[in-house]
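Peer 1: What follows is a structure written as structure tokens; I'll ask about it next.
The values are calculated or read from the model by the stated rules, or taken from the named source; none is laboratory data. In this text, all values refer to a predicted model and were calculated from it rather than measured experimentally. With ideal geometry, Cβ positions are generated from the backbone for all residues, glycine too; neighbour counts draw on all protein chains shown. Keep in mind that these areas ignore ligands, DNA and RNA; they rest on the heavy atoms of the full protein, side chains included. Shrake-Rupley method; radii C 1.70, N 1.55, O 1.52, S 1.80 Å.
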Amino acid sequence: MTATPTRTGGAGRPPQAARRPAAAGRTPTARRSLRRAVPLVPAVVLLALFMLGPVIWSVYGSFTNASLSGTAASSPRFVGLDNYLALITDPDFPNALWLTVVFLLLSAVIGQNFLGLGLALLTAAAPRAVRSIVATTVVTAWVLPEIVAAFACYAFFSSDGTLNRMLAAVNAEPVDWLFTYPMAAVILANIWRGTAFSMMIYEAALNDVAPEITEAAVIDGAGGWKRLIYVTIPMIRNSISTNLMLITLQTLSVFTLIFVMTSGGPNQRSTTLPIFAYAEAFGLGKVGYGTAIATVMLLIGAVFSILYIRVLKPGDNS
């Protein structure tokens, strides 16, 4: 008696009936994923309502002539690109844009980022007591309310402040830092204020580096700098990208620190885009124009974020 061969559908494929359980098996998985996503719905709705909604409304407002007074206050009119065209021709805009980039690069990308990484590396190798003292000292500046930190920096850099008193103690000539070097003063203040955030991120990242990898590099004869450049930094580049993105966005929105210390002066020598937007929107009442400046800040943050992602490629540790 000859056995009837089983039809496989060609090329060893299982019959249609055999494939049905596998296809049906994906349905419970999809249902489980859906059930797990349901608790996230309230958070997504709140984020869209309180974050995405204001951003969309702000972008729309930049295309209107909204104002704090006059008919435009009660019934703003859509003006298209007029605010952006006026911004391009505004002689004060290039200065504010340049100072914003300088403030961002020196206080965040270079200052907070490198100092935070350096402190994290030093505290990782320091005794527990030293680590606790350094962490407490650095974090104190970060946990202070921004207005308190701003007044503390003003008191430090003012003409009769702490810094000049320290210079007088060593017979050095006092300097009116907030008048002579306003941008340097706010950059140093922002570094002092925000370095703790970078330090904590890098401390957590360094704790995740496997000791076996570092030990293998030591056995291979790699010195401290080579281990840092070829082992440690590649292992934590995801954290570097995340930290750079966060401190960039935080620094772009710094307003209180600069407003309390210099108010953007003297002669607009410390007027960054947030100060410029505030002056136009609330000082001169041109809300639509000020919102256009805020939209430009949003675009700058997006450009820097894309750059970090492209260069550092988070998620790829190969």
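Peer 1: Which of Asn238, Asn171, Asn95 moves the most in a Gaussian network model of the chain with Cα springs under 10 Å?
Peer 2: Asn171
Peer 1: Let me ask another. First measure r as the distance between the Cβ atoms of Phe282 and Val143, then evaluate 1/(1 + (r/R0)^6) with R0 = 35 Å and state the FRET efficiency to the nearest 0.05. Write down the numbers at each step before the final one.
Peer 2: Details: r = 29 Å, r/R0 = 0.82.
The pair Phe282/Val143 has a calculated efficiency of 0.75.
Peer 1: How high is the relative contact order of the chain, given as a whole-number percent (alpha carbon pairs under 8 Å, six or more residues apart)? Walk me through the intermediate numbers first.
Peer 2: Working: 317 pairs, mean separation 79.6, N = 318.
The normalised contact order for the chain reaches 25 percent.
Peer 1: Related question: Counting only residues 5 or more places away or on other chains, whose amide H sits under 5 Å from the amide H of Thr64 once H atoms are built in the peptide plane?
Peer 2: The list, which skips near neighbours in sequence, is Val79.
Peer 1: Any idea of the accessible area per residue across segment 105-148, 1.4 Å probe, to the nearest Å²? Kindly include the intermediate steps, with their values, before the conclusion.
Peer 2: Working: 2530 Å² over 44 residues.
Accessible area per residue, segment 105-148: 57 Å².
Peer 1: Then there's this: Divide, for the chain, the radius of gyration over alpha carbons by 2.2 N^0.38 Å, where N is the residue count.
Peer 2: Details: Rg = 27.8 Å, N = 318, 2.2 N^0.38 = 19.6 Å.
Ratio of Cα Rg to 2.2 N^0.38 Å: 1.42.
Peer 1: Next question. Between Asp90 and Tyr181, with labels modelled 7 Å along Cα→Cβ, what's the label distance in nm to one decimal, could you check?
Peer 2: Spacing of the two 7 Å Cα→Cβ label points: 3.0 nm.
Peer 1: Another question about this same structure. Using a 1.4 Å probe on the protein heavy atoms, what percent of the accessible area of segment 114-156 belongs to carbon and sulfur?
Peer 2: On the way: 2050 of 2620 Å².
The value for segment 114-156 is 78 percent carbon and sulfur by accessible area.
Peer 1: Along segment 145-157, what does the Karplus equation 6.51 cos²θ - 1.76 cosθ + 1.60 (θ = phi - 60°) give for ³J(HN,Hα), rounded to whole Hz, x for Gly and Pro?
Peer 2: Using θ = phi - 60°, the values come out as x, 4, 5, 5, 4, 5, 5, 5, 5, 4, 5, 6, 9 Hz.
Peer 1: Give a residue-ordered list of calculated ³J(HN,Hα) values for segment 47-57 (Karplus: 6.51 cos²θ - 1.76 cosθ + 1.60, θ = phi - 60°; whole Hz; x for Gly, Pro).
Peer 2: Result, rounded to whole Hz: 4, 5, 6, 9, 10, 5, x, x, 5, 4, 5.
Peer 1: Quick check: with the 1.4 Å probe, what order do Ile258, Ile133 take by accessible area, largest first? List each step's numbers first, then the result.
Peer 2: On the way: Ile258 0, Ile133 110 Å².
Output order, biggest surface exposure first: Ile133, Ile258.
Peer 1: Also: Search the structure for amide H atoms under 5 Å from the amide H of Asp90, placed 1.01 Å from N in the peptide plane, and list their residues when 5 or more places away or on another chain.
Peer 2: Long-range HN contacts for Asp90: none found.
Peer 1: Right, another one. Could you give me the ³J(HN,Hα) list for segment 64-75, computed from phi with Karplus coefficients 6.51, -1.76, 1.60 and θ = phi - 60°, whole Hz, x at Gly and Pro?
Peer 2: 10, 9, 3, 9, 8, 8, x, 5, 5, 6, 8, 9
Peer 1: Put a dot 7 Å past each Cα toward the Cβ at Ser253 and Lys226; how far apart are the dots in nm?
Peer 2: Label-label distance for Lys226 and Ser253, simple model: 4.4 nm.
Peer 1: Could you give the nm distance between label points at Thr214 and Leu34, where each point is 7 Å from its Cα heading toward the beta carbon?
Peer 2: Roughly 4.8 nm, to one decimal.
Peer 1: Could you calculate the FRET efficiency of Val109 with Phe78 from 1/(1 + (r/R0)^6), where r is the beta carbon distance between them and R0 is 41 Å, rounded to 0.05? Walk me through the numbers on the way to the answer.
Peer 2: Values: r = 37 Å, r/R0 = 0.91.
With R0 = 41 Å, the Cβ-Cβ based efficiency is 0.65.
Peer 1: Rounded to the nearest percent, how much of the accessible area of segment 250-318 (1.4 Å probe, protein heavy atoms only) is carbon and sulfur? Before the final figure, lay out each step's value.
Peer 2: On the way: 2110 of 3250 Å².
That fraction is 65 percent.
Peer 1: Mind grabbing the accessible area of Glu203 for me, 1.4 Å probe, Å², rounded to tens?
Peer 2: 50 Å²
Peer 1: Given a Förster distance of 45 angstrom, what is the FRET efficiency for Ala124 paired with Glu173, based on the Cβ-Cβ distance and rounded to 0.05? Intermediate results must be reported in sequence, preceding the final value.
Peer 2: Details: r = 40 Å, r/R0 = 0.89.
Result of the calculation: an efficiency of 0.65.
Peer 1: Along each principal axis of its Cα atoms, how long is segment 161-247 end to end? Whole angstroms, biggest number first, please.
Peer 2: Sorted from largest, the Cα extents of segment 161-247 read 53, 30, 17 Å.
Peer 1: Mind checking which of Leu68, Leu105, Leu52 has the largest fluctuation in a GNM of the chain, springs on alpha carbons under 10 Å?
Peer 2: Between Leu68, Leu105, Leu52, it is Leu52 that shows the largest mean-square fluctuation.
Peer 1: Taking the chain as a Gaussian network, Cα atoms linked when under 10 Å apart, which of Asp82, Asp176, Asp220 shows the biggest mean-square fluctuation?
Peer 2: Asp220
Peer 1: Note the full-extension length gain between Ile233 and Val134 as 0.36 nm times their separation in residues minus their Cα-Cα distance, in nm to one decimal. The partial results should precede the final answer.
Peer 2: On the way: separation 99, 0.36 × 99 = 35.64 nm, distance 2.24 nm.
Residue separation times 0.36 nm, minus the Cα-Cα distance, leaves 33.4 nm.
Peer 1: Of Leu105, Asn238, Ile147, whose Cα points farthest to the positive end of the dipole of segment 90-312 (charges on the beta-carbon: +1 Lys, Arg; -1 Asp, Glu; origin at the Cα centre)?
Peer 2: Asn238
Peer 1: About its Cα centre, how strong a charge dipole does segment 90-312 have in debye, to the nearest 20, once Lys and Arg get +1 and Asp and Glu get -1 at the Cβ? Write out the running numbers ahead of the final one.
Peer 2: Working: 10 positive and 12 negative charges, 41 e Å.
Roughly 200 debye for segment 90-312.
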